[in-house]
Structure formats: C-alpha cells, structure tokens
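The values are calculated or read from the model by the stated rules, or taken from the named source; none is laboratory data. Just so it is clear, the model here is predicted, and its values are computed rather than measured. In this analysis, Cβ positions are derived from the backbone assuming ideal geometry, glycine residues included, and neighbour counts consider all displayed protein chains. Note: accessible area is taken over every heavy atom of the protein model, side chains too, but ligands, DNA and RNA are not part of it. Shrake-Rupley method; radii C 1.70, N 1.55, O 1.52, S 1.80 Å.
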Amino acid sequence: MLKPKTSPITHSNSNHALPECFTLLTWNLQKVDFSHHIHRPIESLLSIEKVHLLSLQEAAVKHQQNRFFNLPFFMAPNIETQNTFYGVVTASDYKQSAHHQCLTQSRELGWMTHKTAIITQHPLSDGQTLTHVNIHAINFVPNKTFKTELRLLWNNVTDTQGPLIVSGDFNTWNKTRLLTLLNATNQLDLSKVTYPDSRAIKTLNRQPLDYIFYRGLTLRNSKALSVPDISDHNPLLANFCTP
C-alpha cells in the first residue's frame, strides 16, 4: 500500500464560528463508496438534523475532490493510490483551520499500512477556539506500540488550552488497549460521551471501538445511530454547548 505523498486540503470561505450549541458526528465509513453522495448533505443520507462538524474515518476521496457530504474538508490520508486517498476527514461548513496531520510512525502488521489522525481548530461563538482530534488508531500491533502511538499523538495537544474534542475509531478491541486509551484521555482531562442506548456502537470482542471524548464544553445530548445497511460501523452523535 502506498504511503501518501500529498494531502487534499480544501478551504471554506466561511467566517462563521460554530454556534453556541453544535453537533458533532463521528463515523468510520468502512471503505464504503460514497462517491454518489459526496455532494449531498449527510443529513439526507441519515435522516438527521443538521450536523456542524463531521469526524470521518476510512473515508475515500478522489483526486481533485473538494467537497465531502457537500462540505469543505481537511484530510489526513494514510493510503494514496493512483486515483484515491484513504484516511480521516474532518468536514464543516463553518470556519476551520488544519493544525497538524499525524501519520503513525509504525505500520500495521500484515497490511504494512500506517494509520492517521488530523488536528483541526474551530472558532466558537464565545471567542474560544475548539481543538478537534480526529483519529483512526493503529491496529494489528502490540499493545506497547498502540500506547506509543497514542503518546506521540497526544504530544501535539498536551499544551493546548481551551475546549478539546477527540473522536474516532480507536480500535480498542481488548481491555489493555481500552485502559491505555482511558488513561491517556484522563491526562488531557477529557470526559467520555455516554449514550442512552449504546447497543448500536461497533464492538469487537465485546469492546466498543468508537468514542467521543471532550472537555471545556457542556454535553447536551448524544445518540448512537443504527445503520447496518450502510456500513459495519455506526455514527455517533453528540450535541455540545459552550459553558
């Protein structure tokens, strides 16, 4: 698999900050082909209310593509082929800036691919800046490597002040990985989003894989959607408000 040489970055002309209350959706698209839907809003696909910030993993983007679910986006690819990038995508119709792309130093055993994360920044209506980390954590490596890669990613946000959201597919399919993740989020003073009904959350070995963590915001409500006819992972929604 080919290591990315470039990265698709699009720019929004919006000067609008995220509203006082905003909704984030995180979803591993599991390499499903959304090319027929990239210029349609995600709300029409999932029959949901407006989403302000998308955190997507295993997204496929064609070269020269400049919209995803009809939104400007930033991408950190982990695979680049002749025609397509694969990786994490953060999309929003509100003002945003790319802060850092984080390709893992290690490769996954067998596949020999890296995993990736992207850190973006988003102005809030109260004048603060939200930092968002969109991650697809490395898989098929020893637990020690998983911990090392999390630490390397965390180094980019350890000194970040203000509101912070970390969301994505963490590949926490065993208890050691999950404990490593929870210890790491505690270091950043992050809280875990919980759900009234968590049955839709993708699991492996009875361990959830997808999470949203946050700090410096008030969680108003959350929901795990069940869309088994679209992908083998399900979207997670969280609505936040500034304090």
| query | On the accessible surface of the chain, probed at 1.4 Å, how many percent belong to carbon and sulfur atoms? | reply | 48
| request: Just reorder Met75, Met112 by solvent-accessible area, largest first, 1.4 Å probe, all chains present. | output: Met112, Met75
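Please calculate how many Å² of accessible area the chain carries per residue, with a 1.4 Å probe and no DNA, RNA or ligand atoms counted.
Details: 11500 Å² over 243 residues.
Ligands and nucleic acids excluded, the figure is 47 Å² per residue.
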| field | Relative contact order, percent, the stretch 138-243 [alpha-carbon distance under 8 Å, six or more residues apart] | value | 25
| said: At a 4.7 angstrom Cβ threshold, list every cysteine in the chain that has nobody to pair with, or say none. | reply: Cys102
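Ratio of Rg to Rh for the stretch 118-200, alpha carbon only, Kirkwood? Please report the intermediate quantities before stating the final value.
On the way: Rg = 13.8 Å, Rh = 14.0 Å.
Taking Rg over the Kirkwood Rh, I get 0.99.
At 20 °C and a viscosity of 1.002 mPa s, what translational diffusion coefficient does Stokes-Einstein give for the chain, taking Rh as the Kirkwood radius over Cα pairs? Give it in µm²/s as a whole number. Numbers along the way, then the final one.
Working: Rh = 17.9 Å.
Once the numbers are plugged in, D ends up at 120 µm²/s.
Quick one: compute the contact order of the chain, relative version, from alpha carbon pairs under 8 angstrom and 6+ residues apart, as a percent.
20
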| field | For Ser35, solvent-accessible area (1.4 Å; no DNA, RNA or ligand), Å² | value | 60
| Column: log10 I(q)/I(0), Debye, Cα scatterers of the stretch 1-131, q = 0.09, 0.12, 0.17, 0.22 Å⁻¹ | -0.26, -0.45, -0.89, -1.37
| said: For the full complex of protein chains and a 1.4 angstrom probe, list Lys5, Lys115 by accessible area with the highest value first. | reply: Lys5, Lys115
| field | Leu103-Ser226 pseudo-label distance in nm [points 7 Å out on the Cα-to-Cβ vector] | value | 4.0
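Of Lys31/Lys62; Lys144/Lys192; Lys147/Lys223; Lys3/Lys147; Lys3/Lys95, which sit over 18 Å apart, Cα to Cα?
Working: Lys31/Lys62 13 Å; Lys144/Lys192 23 Å; Lys147/Lys223 28 Å; Lys3/Lys147 22 Å; Lys3/Lys95 29 Å.
Too far apart for the 18 Å limit: Lys144/Lys192; Lys147/Lys223; Lys3/Lys147; Lys3/Lys95.
Please report the antiparallel percentage of DSSP beta bridges with both residues in the chain, rounded to the nearest 5.
Details: 52 of 64 bridges.
Here the antiparallel bridges make up roughly 80 percent for the chain.
May I ask you to order 25-31, 155-161 by the average number of other C-beta atoms within 10 Å around their residues, highest value first?
Values: 25-31: 21.3, 155-161: 11.9.
In descending order of packing, they fall as 25-31, 155-161.
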| remark: With the 8 Å Cα cutoff and a minimum separation of six or more residues, the stretch 1-139 has a relative contact order in percent of 26
| message | With every atom except the alpha carbons ignored, what do you get for Rg and Dmax of the stretch 68-206, in angstroms? | response | 15.6, 47
| note | Rounded to one decimal in nm, the spacing of the 7 Å Cα→Cβ label points at Arg215 and Leu178 is 2.3
| note | Long-range amide H partners of Asn70, meaning residues 5 or more apart or on another chain whose placed amide H is closer than 5 Å, are His39, Arg40
